[in-house]
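Here's the structure, in structure tokens; my notes come after.
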Amino acid sequence: MAGLSPSERRLQKELMSLMKEPPPGVEVDFDLAEQNLLHWIINMEGAAGTLYEGERFQLQFKFSNKYPFDSPEVTFVGNNIPVHPHIYSNGHICLSILTDDWSPALSVQSVCLSIVSMLSSCKEKQRPPDNAFYVKTCNKNPKKTKWWYHDDSV
Amino acid sequence: MGNCLKRSTTDDISLLRGSDSVRESSSEQLGPPNYQEPLPIQAASPVYHPSPSVTRSVAQLTEEEQVKIAKRIGLIQHLPTGLYDGCKKARECVICMVEFLVGDALRYLPCMHTYHMSCIDDWLMRSLTCPSCMEPVDAALLTSYETN
Ligand SMILES: [Zn+2]
Ligand SMILES: [Zn+2]
């Protein structure tokens, strides 16, 4: 692993552990990640017994060379964006661990598990109420969005 | 997770960019959005993070931020450090995901979580919380300051 930056070394380790023990319903595109450790595509399956059962989604992770101090940029991509009250139709996800509550102890695996659980707990498939406005006006990078989380005291 | 509304207040990033951010948001619908890199920062000068997502060089810091960062450096330097002696309780640094090797420089947080000094100091300059348990480290430190 010579010649890798500290962020690439950590990503290499995460990739290895996801290859050895993939969480249920989560599958990394290893060839793509190995070509460029800073850009991953993850295939995700809607869990059985949830509103998303049988659906397949694609998540894109982009890492900066400050990872894991900087959170990854995580969006849904492809032609099936889950219909969910915290997921915009452009693939942006409103999830506090992706911005304000990020910690370097979190990982690709823990982000995937949070997203799986966010999908699994959904009671009604619908877009966020401000979807149309947000999608028209937001920055391409969801990390530039200043999200309001309900526990936000600012 | 929350109600997914955007904060409408101006953020530090758009203040820094000045008129650029206005152009950025109004041209968003046309063609591929122009993804902007953070402001170029001279490689030689150190950068600071007044909050986790904001990166600035010394020259870009406000006086208030400079005081905040100076205090923070002082606090961090008061956290105990040591060299890894092979103790089995702490084995891996969750930041770099590398196992501790005998002789590695470590830093111990008040919550007893342990990290490589170089790894945790980089994080503490952004956020004074333990990455593993989210326990704020400054509260405990301030009390020890006062009793000394
Ligand atoms: Zn480390
Ligand atoms: Zn801790």
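Laboratory data are not the source of any read-out in this text; all were calculated from the coordinates shown. Note that this is a predicted model, so its numbers are computed, not measured. Glycine also receives a Cβ, built like all others from the backbone with ideal geometry; neighbour counts cover every protein chain displayed.
What the table shows:
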| read-out | value |
| --- | --- |
| Cβ-derived FRET efficiency at R0 25 Å, A:PHE30 paired with B:LYS88, nearest 0.05 | 0.15 |
| In sequence order, calculated HN-Hα J values of region B:124-130 (Karplus, 6.51, -1.76, 1.60; Hz; x Gly/Pro) | 5, 5, 9, 8, 8, 10, 7 |
| Theoretical FRET efficiency, 1/(1+(r/R0)^6), r = Cβ-Cβ of A:LYS62 and B:GLN60, R0 22 Å, to 0.05 | 0.30 |
| For A:97-107, mean number of other protein chain Cβ atoms within 10 Å | 5 |
| Efficiency of FRET from Cβ geometry, A:VAL83 and A:TRP148, R₀ 30 Å, rounded to 0.05 | 0.90 |
| Cysteines without a disulfide-compatible partner [chain A; Cβ-Cβ under 4.7 Å] | A:CYS112, A:CYS122, A:CYS138 |
| Packing-based order for A:131-139, B:121-129, A:71-79, B:70-78, using average beta carbon neighbours within 10 Å, highest first | B:121-129, A:71-79, A:131-139, B:70-78 |
| Spin-label model distance (nm) - B:HIS78 vs A:GLN109, 7 Å beyond Cα toward Cβ | 3.7 nm |
| For chain A: rounded, prolate or oblate by the Cα gyration tensor [a/c cutoff 1.5] | oblate |
| Average partner coverage of A:138-148, which counts Cβ from other chains inside 10 Å | 6 |
| Label-to-label distance, nm, for residues given as B:ASP138 and A:LYS123 (7 Å Cα→Cβ offset) | 3.8 nm |
| Cα-only radius of gyration and Dmax that characterise region A:29-108, units Å | 13.4, 38 |
| Relative contact order of region A:6-139, defined on C-alpha pairs under 8 angstrom at six or more residues apart (%) | 21 percent |
| Where labels lie 7 Å past Cα in the beta-carbon direction, separation of A:MET16 and A:SER96 in nm | 3.5 nm |
| Chain A: angle of helix A:108-120 to the longest principal axis, Cα-based, in degrees nearest 10 | 20 degrees |
